[in-house]
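S.K.: Once you've had a glance at the structure underneath, I'll fire off some questions.
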Amino acid sequence: MIATLIASFYFFYFSIIAIHIIFLPKVLNMLGHLPIEIGIIFASAPLVRFIVPFLFLKGFTLDAKTFNIALVILLGSAVSFLPSLNSFSALLAVNIGLGIGLSLILPYIETIALDVIGKERYGKIRLFGSVGFILVALVLVEFLSSAEVAIYFLIVVTFFTALFGFLIVKSEHLHIKSSENKSNNLSELNIFSHWKLWLGLLLMQVSFGSFYNFFTIYETANGVSLDVTIYMWTFGVVIEIVMFYFQGRFLRNNLLFILQLTTFATAIRWLLLYLYPSNIEMVFFTQAIHALSFALFHSAAISYLFSIYSQRKLAQQFFFGISYGLGGFIGAISAGYIYQYFPTLLFLSSAIVALMSWWFLYRSEEIKSIA
């Protein structure tokens, strides 16, 4: 029962992500917002994701009540997009609200999934998120006749995300098995003691700023049609699903080595996008690398942190806050400026940052379990 609820939650949660990163940047571009404005708007949510975990060092607790409040904020923010499309300041405020909701609900669910399902079966549940991502991309591209259509889709999938999140919390079968320390002491996470690890995780997501915020714009500007670009997104996610299904055998091995391997592969991926932006076959090949640079990297990262830190919810919050939050913020802002002033260098800069991520993870020492 709980596995079905989590799978359903992932399906709709990552449908939100699909709309947010594939279509909304293009929608705002169509409405006349400048690349710098788009970069700032889409940088606000990840910045909030970075800030929010620090609040839990000041007495806040990521419990069922906080989770449910986050669901309400998420749904309210999605609805508020509709009257905000033509206002930069309103869009910024709404995206901040969306960031607050996103920053709280996924770490909570990820901890439950790893506790209840385990890291080797995690991918087979998490892949439903990728299925949701694909289906929304394929359906919405056929109906995207106006900006409002994208927002209607966003509202619907956010409603179902909130519904299944609420049902997970209410499930009588939910009994978290971990005996994690109740203290929210940042020092116990050894973020600064193991700064190379955390900096590597951060830089990996910085390198994704160009992809998440400008890939659709970048490809269509290089002569690739919107339909083909959506197929590229879809292909990448199909490969991601395959990796999620079979990755259990890889996660039995050295997780730090997997992080090193996937960051290096990501640097190659961005370099190829820089060299061959209009070569459809090559771009499809780079999308195949998404199996490594997202699916395997993500699962290895959360599994590694889950295994070494006793404060598992807090560790997951800081992972999402530092990597997807701060990393996403820096990546979105820098991508916006680079694309506006040096558009041809967009993915070359990403390749350099991904290579830096690999270097810091390569220099990081494997960490044993921290009580």
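Where a number appears in this text, it was derived from the coordinates with a stated rule and is not lab data. The model shown is predicted, which means the values in this text are computed figures rather than measured ones. Glycine gets a Cβ as well: all are built from the backbone with ideal geometry, and neighbour counts include every protein chain shown.
S.K.: Tell me which label goes with the value of Cα extents along the principal axes in Å computed from the coordinates here: (i) 62, 48, 36; (ii) 121, 68, 45; (iii) 53, 43, 35.
M.R.: Among (i) 62, 48, 36; (ii) 121, 68, 45; (iii) 53, 43, 35, the one derived from this structure is (iii).
S.K.: In whole Å, how far is the Cα centre of the range 312-334 from that of the range 288-306?
M.R.: 15
S.K.: For the chain, what's the relative contact order in percent, using C-alpha pairs closer than 8 Å and at least 6 residues apart?
M.R.: After rounding, I find 30 percent.
S.K.: If amide H atoms are built 1.01 Å from N in the plane of the peptide, which residues on other chains or at least 5 residues away come under 5 Å of the amide H of residue 309?
M.R.: Residues meeting the criterion, in which the H sits 1.01 Å from N, are 370.
S.K.: Sorting check: for 253-264, 301-312, 141-152, which peptide has the highest mean count of neighbouring beta carbons within 10 Å, and how do the rest follow?
M.R.: For the peptides 253-264, 301-312, 141-152, the packing ranking is 301-312, 253-264, 141-152.
S.K.: In addition: Quick one: how many lysine pairs does the range 2-363 have with C-alpha atoms less than 26 Å apart and a gap of 8 or more or different chains? Give me the count, please.
M.R.: So the count works out to 21.
S.K.: Just how far, in whole angstrom, is the range 1-40 from the range 211-270 if you go by their alpha carbon centroids?
M.R.: Using only Cα atoms, the two centres lie 16 Å from each other.
S.K.: Under a 10 Å cutoff between Cα atoms, tell me which one of 226, 199, 92 has the largest fluctuation in the Gaussian network model of the chain.
M.R.: 226
S.K.: If you plug each phi of the range 145-150 into the Karplus form 6.51 cos²θ - 1.76 cosθ + 1.60 with θ = phi - 60°, what whole-Hz ³J(HN,Hα) values come out, in order, with x for Gly and Pro?
M.R.: 3J(HN,Hα) across the range 145-150, in whole Hz: 8, 7, 4, 4, 4, 4.
S.K.: About the Cα centre, and with charges only on the beta carbon of Lys, Arg (+1) and Asp, Glu (-1), how big is the dipole of the chain? Nearest 20 debye, please.
M.R.: Details: 19 positive and 16 negative charges, 175 e Å.
The dipole of the chain has a size of about 840 debye.
S.K.: Hey, can you rank 12-25, 68-81 by average C-beta count inside 10 Å, highest first?
M.R.: Put in order of decreasing packing, that is 12-25, 68-81.
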